[in-house]
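Notes follow once the structure below has been shown.
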Amino acid sequence: MSHEHLFEGDLRWTGHATQADGKLKLERSFNIEFPGKSPLTGSSPEVFHGDNRHHNPETLMVSSLMACHHLTYLAVCERSGISIVSYTDHGTGKLAMRDGKMRMVEVVLRPQVRIADATQVERALTLHEKAHANCFMSNSVNFDVRIEPAVTA
């Protein structure tokens, strides 16, 4: 198996330019498409003159980290023989000034997992550490990603 994988997609600006009070305004809407997948409609957050009804780079960053941890956790549980009954997560990302630049400074994931076998709760809890250490996305960012898991049976 190759150790390189390529993911290609396209972004198309769907907004338009207007003039208001003598100033140029550029609508922040866009579509992202990857072959064979549903398109994503996006914008910037309202605080940056966008539309909060759509995904933005910040929500996509948090969702990427949640999804990667989830999928990596499923893989390590599968290898360890731990049957998962349910999995939910609540992620928060903090955007702030650091080193003179606005950037994502922290993401906290709070996975809530229910497993089938009560004798495996402690093992299932420790596997979050292994999943985090092997998550492709969390290994790719330059800010803290904290995992605050809970596991029940």
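The values are calculated or read from the model by the stated rules, or taken from the named source; none is laboratory data. Keep in mind the model is a prediction, meaning the values are calculated, not measured. Every residue, glycine among them, receives a Cβ derived from its backbone with ideal geometry; neighbour counts consider all protein chains shown.
What the table below lists for this structure:
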item: Matching option when the condition is surrounded by 12 or more Cβ atoms within 10 Å (Cβ to Cβ) and farther than 22 Å from Met137 by Cα, among Gly15, Gly22; result: Gly15
item: Residues (of a type in the set (Gly, Ala, Ser) and within 16 Å of the chain's Cα centre (by Cα)) located in segment 61-104; result: Ser63, Ser64, Ala67, Gly91, Gly93
item: Residue check for Glu27: surrounded by 11 or more Cβ atoms within 10 Å (Cβ to Cβ), among the acidic types (Asp, Glu) and touching a strand residue (DSSP E or B) at 6+ places or on another chain (Cβ under 8 Å); result: yes
item: Every pair of residues 6+ apart whose Cβ atoms lie under 8 Å, when the first sits in segment 118-129 and is surrounded by 15 or more Cβ atoms within 10 Å (Cβ to Cβ) while the second is of a type in the set (Phe, Trp, Tyr) and assigned to a helix (DSSP H, G or I); result: Leu127/Tyr73; His128/Tyr73
item: Condition met for His69 (closer than 26 Å to Asp89 by Cβ and not assigned by TED's automatic domain parsing to the domain that holds Arg103); result: no
item: Among the residues listed as Leu24, Leu71, the single one being without any contact (Cβ under 8 Å) to a residue 12 or more places away in the chain, closer than 25 Å to Arg146 by Cβ and not β-branched (Val, Ile, Thr); result: Leu71
item: Filter pass, Ser86 being under 16 Å from Leu71 (Cβ atoms), surrounded by 13 or more Cβ atoms within 10 Å (Cβ to Cβ) and of a type in the set (Gly, Ala, Ser); result: no
